[in-house]
1. Name the residue, out of 336, 269, that is open to solvent by 20 Å² or more (accessible area, probe 1.4 Å), among the hydroxyl-bearing types (Ser, Thr, Tyr), part of a helix (DSSP H, G or I) and at pLDDT 80 or above.
2. Looking at the range 56-68 only, could you name the residues that are modelled with pLDDT under 80, hydrophobic (A, V, I, L, M, F, W, C) and surrounded by 20 or more Cβ atoms within 10 Å (Cβ to Cβ)?
3. Restricting attention to the range 273-287, does a residue exist that is of a type in the set (Phe, Trp, Tyr), open to solvent by less than 10 Å² (accessible area, probe 1.4 Å) and over 23 Å from residue 174 (Cβ atoms)?
4. Since residue 244 meets every condition but one in (1) out of contact with any Gly (no Cβ under 7 Å at 6 or more places or on another chain); (2) buried (at least 19 other Cβ atoms within 10 Å of the Cβ); (3) over 15 Å from residue 63 (Cα atoms), which condition does it not meet?
5. From the list 251, 233, which one is of a type outside the set (D, E, K, R), in contact with a Phe, Trp or Tyr (Cβ under 8 Å, 6 or more places away or on another chain), closer than 28 Å to residue 114 by Cα and at pLDDT below 85?
6. Name the residue that is farthest from residue 83 (Cα to Cα), counting only residues in the range 140-160 that are more than 16 Å from the chain's Cα centre (by Cα), open to solvent by less than 20 Å² (accessible area, probe 1.4 Å) and of a type in the set (A, V, I, L, M, F, W, C).
7. Could you tell me which of the residues 204, 220, 171, 214 is buried (at least 19 other Cβ atoms within 10 Å of the Cβ), assigned to a helix (DSSP H, G or I) and not hydroxyl-bearing (Ser, Thr, Tyr)?
8. Can you name every residue in the range 229-241 that is open to solvent by less than 20 Å² (accessible area, probe 1.4 Å) and of a type in the set (A, V, I, L, M)?
Amino acid sequence: MIDIPHSTAAGLGTFERWLSVWVALAIGAGLLLGNIFPGVFSALASLEIASVNLPVAVLIWAMVYPMMVGVDFGALRQVGDKPKGLVVTLVVNWLIKPFTMAALGVLFFNYVFAGLIPPDDAQAYLAGVILLGAAPCTAMVFVWSNLTRGDATYTLVQVSVNDVIMVFAFAPIVAFLLGVTDIVVPWDTLLLSVGLYVLLPLIAGYVTRQNLVAKGGEAAVDAFKARVQPFSIFGLLVTVVLLFGFQGEVIFERPLVILLIAVPLLIQSYGIFFVAYGAARAWRIPFNVAAPCAMIGTSNFFELAVAVAISLFGLGSGAALATVVGVLVEVPVMLSLVAFANRTQHWFPKEGGPS
């Protein structure tokens, strides 16, 4: 865990500040429990309907639903207020990031690490990183935006726009990239996953938000999110425990596998940030828009990636393992980029300049 400056740490909740630590502890618990109680984990894995694992579906909903309550579709009316920042975000998220992630996955898992990873495992890890690359962040980006004093309204607009696009674009992009990498795509399961983990939570979040605003305005929304946040934390950590409980044997046999998976994820994260950040600087976008528009492409909607990996490939799959490694590396990477952005804000025009 990197050292967090006081001013940065103050903007994070306890969970966000130590996310990598909690995930690491959950990984250890999963490895331990998976070896002590293998029968329990096998029983949980068998609880499926239409390739959807029921315990994991409940946990993923616990993670995703609170985030969707925070999405304000009314912000879409302001979509044209800062068009340059939104253009950078959308181009990076949907025309660059999924494809560079797939390319890096192929490069490392099929070539650079070919002698270290069995071919079947390499394909599974490749599928996992593709799922991460096709899912831009919808929640933690608010934290990163806040830490760089980003334009809160713009951040809300970009998240709302990305969520709408994700409903329609995530499945086709994932199917295309899995197809070109010769990974079999069960379309019915993929579409079911998008409906279950994106569309339905989005609808439920919208209905909940409308009811809360009618009763008590944005204060009621904030209070509700604060109450349900512990369920989101619980869902994430228990999902990690389950995943690593099933992966224990593989990890004990090849302990370097986590590091190998992390390499292309790290290169992708830093590379995508500097592409977006550099484009924003070249286009003279104000810093309070430039920083969050670079952050959203760098961060991942790992909750969705984990859920879809489990639905498509199973709890014990290498694809699911790869998506959880994405969780493990994300917070230290993003905090380092927040620090870099804050140190280089003088590169950009002040608020009120071209956007």
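1. Answer to the selection: 336.
2. Passing the criteria: 56, 60, 62, 63, 64, 67, 68.
3. Here is the first cut: in the range 273-287, the residues of a type in the set (Phe, Trp, Tyr) are 273-274, 277, 283, 287.
Okay, now just the ones that are also open to solvent by less than 10 Å² (accessible area, probe 1.4 Å), so 273, 277.
Restricting the remaining residues to those that are over 23 Å from residue 174 (Cβ atoms) gives 277.
Looking through the range 273-287, at least one residue is of a type in the set (Phe, Trp, Tyr), open to solvent by less than 10 Å² (accessible area, probe 1.4 Å) and over 23 Å from residue 174 (Cβ atoms).
4. (1)
5. 251
6. 147
7. When all the criteria are applied, what remains is 171.
8. Kept after step one, since they are open to solvent by less than 20 Å² (accessible area, probe 1.4 Å), are these residues of the range 229-241: 232, 235-236, 239-240.
Residues satisfying the conditions are 236, 240.
The values are calculated or read from the model by the stated rules, or taken from the named source; none is laboratory data. These numbers come from a predicted model, not from an experiment. Please note: Cβ atoms are built from the backbone with ideal geometry, for glycine as well, and neighbour counts cover all protein chains shown. Just so you know, the surface numbers come from the protein's heavy atoms only, side chains and all, with ligands and any DNA or RNA stripped out. Shrake-Rupley method; radii C 1.70, N 1.55, O 1.52, S 1.80 Å.
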